[in-house]
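The values are calculated or read from the model by the stated rules, or taken from the named source; none is laboratory data. A quick note: this is a predicted structure, and the numbers were derived from the prediction, not measured. Here Cβ is always computed from backbone atoms with ideal geometry, including for glycine, and neighbour counts include all displayed protein chains.
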Ligand code: ADP
Ligand code: MG
């Protein structure tokens, strides 16, 4: 069990690609932290830096209070006492399940009888007790991933690092392994860093989530904090599927470029402030500046057609666990709305009513996208 402390960590690849940009992140002892971000955001780069496969070009990394990179220190991967699991369960095909799981202990020169005992215990923990002598080729994808997990924890690592470890598995197996993984780290008090591009997985599993984009941490918070108080439009759109509206802030009032959106709105859902302006202090004086309003799908109500606002047309409605995930064309803006209580039909005309919005004092951008 250990903390992982990253101070001003940077990494620039040989070809000039920025992998990590001034990362400040403290993973607490026993914490399950998810690293969430779109493809290419630097998740793997950060995990490999923690593991010691990459040398950071700037900053400092400490594991369990010991500096392992930076300040003139360098501790190689095999001396960091970490367990790792990758997406593609890199297990040896020629070794049995027990051979694979016991391999790290063999490297440490631990006596055979002791290895057998510890392998049996950890296979029991991951539900593979009956598969000790099987070859990996005779296992399912989920079982192979359990082998990889068992091998990662058998040497009692200080922390467990997982890179898209569940992403190759199909639901519902994936959901089950997710729960098992969480139960296991809790039981063992293991510190875990879990890399994923899957929002639901990060939010459902982690104590805290660090959201990464272009090598930079955008926000670190509990799943609830990220959903309720995103710090910028990237987090709002990536984590909550918020629709972004460019506009202008004048004297604290947001004027959307869009003809239908009017802020501030009257009263928010659940008694929360209906329009919250983030980064107001950046608004010195009354100078107008460009800004972005983010509207989450849960903050929109659809009403039957009435007078003044431009109408929106339903372009798609997918039934999900929490209602219909609906897309509307609202005067040229694709608005995402969670509809509960009735069945939206394609082509239907409705009037969106915005209950809540976050306004960010930042330059609107058309390229700043969410992952597909
Ligand atoms: P993620 O795991 O979030 O998808 P990565 O950490 O793999 O992202 O990549 C982050 C950035 O670094 C991307 O722009 C990627 O193109 C670049 N990158 C990753 N690996 C290398 C490499 N070996 N050489 C050069 N650039 C790389
Ligand atoms: Mg990756």
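Can you name every residue in segment 242-252 that is surrounded by fewer than 24 Cβ atoms within 10 Å (Cβ to Cβ), over 10 Å from residue 294 (Cβ atoms) and touching a strand residue (DSSP E or B) at 6+ places or on another chain (Cβ under 8 Å)?
To start, the set of residues in segment 242-252 that are surrounded by fewer than 24 Cβ atoms within 10 Å (Cβ to Cβ) comprises 244, 246-248, 250-252.
Filter once more, so that each one left must be over 10 Å from residue 294 (Cβ atoms): 246-248, 250-252.
Scanning segment 242-252 gives 246, 247, 248, 252.
So which of 46, 35 ends up being assigned by TED's automatic domain parsing to the domain that holds residue 205, surrounded by 14 or more Cβ atoms within 10 Å (Cβ to Cβ) and touching a helix residue (DSSP H, G or I) at 6+ places or on another chain (Cβ under 9 Å)? Of 46, 35, the one residue that is assigned by TED's automatic domain parsing to the domain that holds residue 205, surrounded by 14 or more Cβ atoms within 10 Å (Cβ to Cβ) and touching a helix residue (DSSP H, G or I) at 6+ places or on another chain (Cβ under 9 Å) is 35. Scanning segment 213-225 for residues that are touching a helix residue (DSSP H, G or I) at 6+ places or on another chain (Cβ under 6 Å) and either outside any helix (DSSP H, G or I) or not assigned by TED's automatic domain parsing to the domain that holds residue 180 (or both) yields 213, 218, 219.
Only one of the listed residues (149, 161) is at pLDDT 90 or above and either in contact with a helix residue (DSSP H, G or I) (Cβ under 6 Å, 6 or more places away or on another chain) or within 16 Å of ligand 2 (Cβ to nearest atom) (or both). That residue is 161. Residue 40 meets the conditions (1) within 12 Å of ligand 1 (Cβ to nearest atom); (2) under 20 Å from residue 158 (Cβ atoms) in every case but one. The failed one is (2).
Among the residues of segment 49-74, those identified as touching a strand residue (DSSP E or B) at 6+ places or on another chain (Cβ under 8 Å) and within 16 Å of ligand 2 (Cβ to nearest atom) are 49, 50, 51, 54. Residues that are closer than 16 Å to residue 100 by Cβ and more than 24 Å from the chain's Cα centre (by Cα) within segment 148-187 comprise 151, 154, 155, listed in sequence order.
Kindly check whether there is at least one residue in segment 55-66 that is closer than 23 Å to residue 151 by Cα and over 17 Å from the mean Cα position of the chain (by Cα).
So in segment 55-66, the residues closer than 23 Å to residue 151 by Cα come out as 63-64.
Filter again for over 17 Å from the mean Cα position of the chain (by Cα), leaving 63-64.
Yes; the residues of segment 55-66 include at least one that is closer than 23 Å to residue 151 by Cα and over 17 Å from the mean Cα position of the chain (by Cα).
Is it the case that residue 10 is in a strand (DSSP E or B), more than 16 Å from ligand 2 (Cβ to nearest atom) and either at pLDDT 95 or above or within 30 Å of residue 121 (Cα to Cα) (or both)? So residue 10 passes the test. Of everything listed in (1) free of Cβ contacts under 8 Å to residues at least 40 places away in the same chain; (2) away from ligand 1 (no atom under 16 Å from the Cβ); (3) under 22 Å from residue 298 (Cα atoms), the single unmet condition for residue 240 is (1). If you filter segment 164-185 down to residues that are away from ligand 2 (no atom under 16 Å from the Cβ) and in contact (Cβ under 8 Å) with a residue 60 or more places away in the chain, you find that the one that is nearest to residue 82 (Cα to Cα) is 185.
None of 210, 192 is part of a strand (DSSP E or B), in contact with a helix residue (DSSP H, G or I) (Cβ under 8 Å, 6 or more places away or on another chain) and crowded, with 23+ Cβ neighbours inside 10 Å except 192.
Conditions (1) touching a strand residue (DSSP E or B) at 6+ places or on another chain (Cβ under 9 Å); (2) away from ligand 2 (no atom under 16 Å from the Cβ), marked per residue:
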site	(1), (2)
35	yes, no
39	no, no
86	yes, no
109	no, yes
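Among the residues here, residue 98 does not qualify as in the same structural domain as residue 206 (by TED's automatic domain parsing), in contact with a helix residue (DSSP H, G or I) (Cβ under 6 Å, 6 or more places away or on another chain), under 25 Å from residue 176 (Cβ atoms) and free of Cβ contacts under 8 Å to residues at least 12 places away in the same chain.
When 201, 180 are checked against the criterion of being within 16 Å of ligand 1 (Cβ to nearest atom) and part of a helix (DSSP H, G or I), 201 stands alone in meeting it. Residue 228 satisfies every condition listed in (1) surrounded by fewer than 21 Cβ atoms within 10 Å (Cβ to Cβ); (2) modelled with pLDDT under 95; (3) over 19 Å from residue 293 (Cβ atoms) except (3).
So that you can scan it fast, the table gives a plain yes or no per residue for (1) at pLDDT 90 or above; (2) buried (at least 19 other Cβ atoms within 10 Å of the Cβ); (3) touching a strand residue (DSSP E or B) at 6+ places or on another chain (Cβ under 7 Å):
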site: 262; (1), (2), (3): no, no, no
site: 271; (1), (2), (3): no, no, no
site: 279; (1), (2), (3): no, no, yes
site: 297; (1), (2), (3): yes, yes, yes
site: 300; (1), (2), (3): yes, yes, yes
site: 306; (1), (2), (3): no, no, yes
site: 317; (1), (2), (3): yes, yes, yes
site: 326; (1), (2), (3): yes, yes, yes
site: 335; (1), (2), (3): yes, yes, yes
